[in-house]
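Colleague: Handing you a structure now.
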């Protein structure tokens, strides 16, 4: 005898599929728990205990999504790495404030609950959360028939980090003579994908993505690099004055957020490798250097400002942890009206 649909299921929402999805992903989520997580999945809220011994604990929060890179994951029918993009967007922001990632929650909204796909997405989030040393303590999966196109979904996350108030990274600690250290990106990360899709001719047709060469598909889907392993040991040792997570707006808009008003970041072209994907995008769209700088990270996912007398030791410490890094410039004095970020040397692309 066929199972009778309840009214909610007849309206397009399958509660049983949602329960199955939770069951499939729960083991991966619980692997992210630390001893601080007192209760996670299953309740109406999660409980997290702050580390003892903090004198003036401060909570740093952030929220973000993945953006239109989701359309490429959907076109590729590849959902196991898009969760790392989500984790990276919130965790890297928290680290840039000088906080230790503590816990996060995710939000997955789908047109129709497909348990295997939902579990693949959330398992990817959990795997990245574990690498980023943040507990995935809960979240929400919503089936919203009629709101999304078939097989489409959206992702968002909210995360919290913990810091000792006196150890927060502050722009005011940056001084003239400080050195800029760039930590490389893994690719485009999760910003600028509307432009990526335009210049590569990828719109709503999945075939357009699948017609790209295999190497290019891999490069545009490369997940966002997580910087906990590289940056947190430096923050713990008090070696960083400020940090900028290079997201939408690139170096020219994100680096000024980590600088005081009286200084200028002087960056030298050629001091870090620009990944092939950026050269491909520039050529495909005939983009100017201004377009490239305003849209993409161009190979640098995080930029640190450090004391000149500690820069070499920091580079050595990063190398010991198998984390590549580059001296990309320095902090100089700025006068009224000066740009916050300038570049010296030969730019790799033409100006407008």
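The values are calculated or read from the model by the stated rules, or taken from the named source; none is laboratory data. Worth saying up front: this structure is predicted, and the values here are computed from it rather than measured. Here the Cβ is made from the backbone with ideal geometry for all residues, glycine too, and neighbour counts use every protein chain on show.
Colleague: Does residue 60 satisfy the condition of being at pLDDT 95 or above and closer than 30 Å to residue 213 by Cβ?
Modeller: On the way: at pLDDT 95 or above: yes; closer than 30 Å to residue 213 by Cβ: no.
Judged against the criteria, residue 60 is not a match.
Colleague: Name every residue in segment 217-245 that is over 23 Å from residue 330 (Cα atoms) and either buried (at least 17 other Cβ atoms within 10 Å of the Cβ) or in contact with a helix residue (DSSP H, G or I) (Cβ under 7 Å, 6 or more places away or on another chain) (or both), in order of residue number.
Modeller: 217, 219, 220, 221, 222, 223, 224, 225, 226, 228
Colleague: Could I ask something else about it? How many residues does segment 80-101 hold that are in a helix (DSSP H, G or I) and in contact with a strand residue (DSSP E or B) (Cβ under 6 Å, 6 or more places away or on another chain)? Break it down stepwise before answering.
Modeller: So the first thing to find is which residues in segment 80-101 are in a helix (DSSP H, G or I), and the list is 82-96.
Those still in the list that are in contact with a strand residue (DSSP E or B) (Cβ under 6 Å, 6 or more places away or on another chain) too: 86, 89-94, 96.
Residues flagged as in a helix (DSSP H, G or I) and in contact with a strand residue (DSSP E or B) (Cβ under 6 Å, 6 or more places away or on another chain) within segment 80-101 amount to 8.
Colleague: Could you tell me whether segment 155-164 includes any residue that is modelled with pLDDT of 95 or more and assigned to a loop (DSSP other than H, G, I, E, B)?
Modeller: no
Colleague: Something else now. Within segment 332-339, does at least one residue satisfy the condition of being surrounded by 16 or more Cβ atoms within 10 Å (Cβ to Cβ) and touching a helix residue (DSSP H, G or I) at 6+ places or on another chain (Cβ under 9 Å)?
Modeller: Taking every residue of segment 332-339 in turn, none turns out to be surrounded by 16 or more Cβ atoms within 10 Å (Cβ to Cβ) and touching a helix residue (DSSP H, G or I) at 6+ places or on another chain (Cβ under 9 Å).
Colleague: Could you tell me whether segment 19-39 includes any residue that is part of a loop (DSSP other than H, G, I, E, B), surrounded by fewer than 18 Cβ atoms within 10 Å (Cβ to Cβ), at pLDDT below 75 and assigned by TED's automatic domain parsing to the domain that holds residue 109?
Modeller: no
Colleague: Here's a follow-up. When you check residue 270 against the structure, is it surrounded by fewer than 19 Cβ atoms within 10 Å (Cβ to Cβ) and either touching a helix residue (DSSP H, G or I) at 6+ places or on another chain (Cβ under 6 Å) or over 25 Å from residue 89 (Cβ atoms) (or both), yes or no?
Modeller: For residue 270, the condition - surrounded by fewer than 19 Cβ atoms within 10 Å (Cβ to Cβ) and either touching a helix residue (DSSP H, G or I) at 6+ places or on another chain (Cβ under 6 Å) or over 25 Å from residue 89 (Cβ atoms) (or both) - is met.
Colleague: Name the pairs: first residue in segment 177-204 and more than 15 Å from residue 223 (Cβ to Cβ), second residue at pLDDT below 95 and buried (at least 22 other Cβ atoms within 10 Å of the Cβ), Cβ to Cβ under 6 Å, at least 6 apart or on different chains?
Modeller: Short answer, once both residue conditions are applied: 202/209.
Colleague: Tell me which residues, restricted to segment 200-215, are outside any loop (DSSP other than H, G, I, E, B) and surrounded by fewer than 17 Cβ atoms within 10 Å (Cβ to Cβ). Walk me through how you get there before you give the answer.
Modeller: Taking segment 200-215 first, the residues outside any loop (DSSP other than H, G, I, E, B) are 206-210, 214-215.
Scanning segment 200-215 gives 206, 207, 208, 210, 214, 215.
Colleague: Any idea which of 297, 262 is surrounded by 21 or more Cβ atoms within 10 Å (Cβ to Cβ) and within 29 Å of residue 335 (Cα to Cα)?
Modeller: On the way: 262 fails: surrounded by 21 or more Cβ atoms within 10 Å (Cβ to Cβ).
Unique residue meeting the criteria: 297.
Colleague: Restricting attention to segment 100-133, report how many residues are in contact with a helix residue (DSSP H, G or I) (Cβ under 8 Å, 6 or more places away or on another chain) and either assigned by TED's automatic domain parsing to the domain that holds residue 229 or closer than 15 Å to residue 61 by Cβ (or both).
Modeller: Matching residues across segment 100-133 total 4.
Colleague: Separate question: Quick check: anything in segment 321-331 modelled with pLDDT of 95 or more, over 30 Å from residue 236 (Cα atoms) and assigned by TED's automatic domain parsing to the domain that holds residue 193? Can you show your working first?
Modeller: Our first condition is that a residue be modelled with pLDDT of 95 or more; within segment 321-331, this holds for 322-331.
The next check asks that each one be over 30 Å from residue 236 (Cα atoms); those that pass are none.
No, segment 321-331 contains no residue that is modelled with pLDDT of 95 or more, over 30 Å from residue 236 (Cα atoms) and assigned by TED's automatic domain parsing to the domain that holds residue 193.
Colleague: Within segment 66-77, how many residues are part of a loop (DSSP other than H, G, I, E, B) and more than 15 Å from residue 190 (Cβ to Cβ)? Show your work before the answer.
Modeller: Going residue by residue through segment 66-77, those that are part of a loop (DSSP other than H, G, I, E, B) are 66-68, 77.
Filter again for more than 15 Å from residue 190 (Cβ to Cβ), leaving 77.
The total comes to 1.
Colleague: Another question about this same structure. Do the conditions hold for residue 177, that is, is it in contact with a strand residue (DSSP E or B) (Cβ under 7 Å, 6 or more places away or on another chain), surrounded by fewer than 20 Cβ atoms within 10 Å (Cβ to Cβ) and at pLDDT 95 or above? Explain how you work it out, then say what you get.
Modeller: Values: in contact with a strand residue (DSSP E or B) (Cβ under 7 Å, 6 or more places away or on another chain): yes; surrounded by fewer than 20 Cβ atoms within 10 Å (Cβ to Cβ): yes; at pLDDT 95 or above: yes.
So residue 177 passes the test.
Colleague: Give the residues of segment 125-154 that are crowded, with 19+ Cβ neighbours inside 10 Å, over 14 Å from the mean Cα position of the chain (by Cα) and not in a strand (DSSP E or B), sorted by residue number. Give the derivation first.
Modeller: Looking only at segment 125-154, we keep the residues that are crowded, with 19+ Cβ neighbours inside 10 Å, and these are 125-129, 132, 134-139, 141, 143, 153.
The next check asks that each one be over 14 Å from the mean Cα position of the chain (by Cα); those that pass are 126-127, 135-139, 141, 143, 153.
Listed by number, the residues that qualify are 126, 127.
Colleague: Quick test of your reading of the structure: residue 342 fulfils all but one of (1) within 26 Å of the chain's Cα centre (by Cα); (2) crowded, with 18+ Cβ neighbours inside 10 Å. Name the failing condition by number.
Modeller: Exception for residue 342: condition (2).
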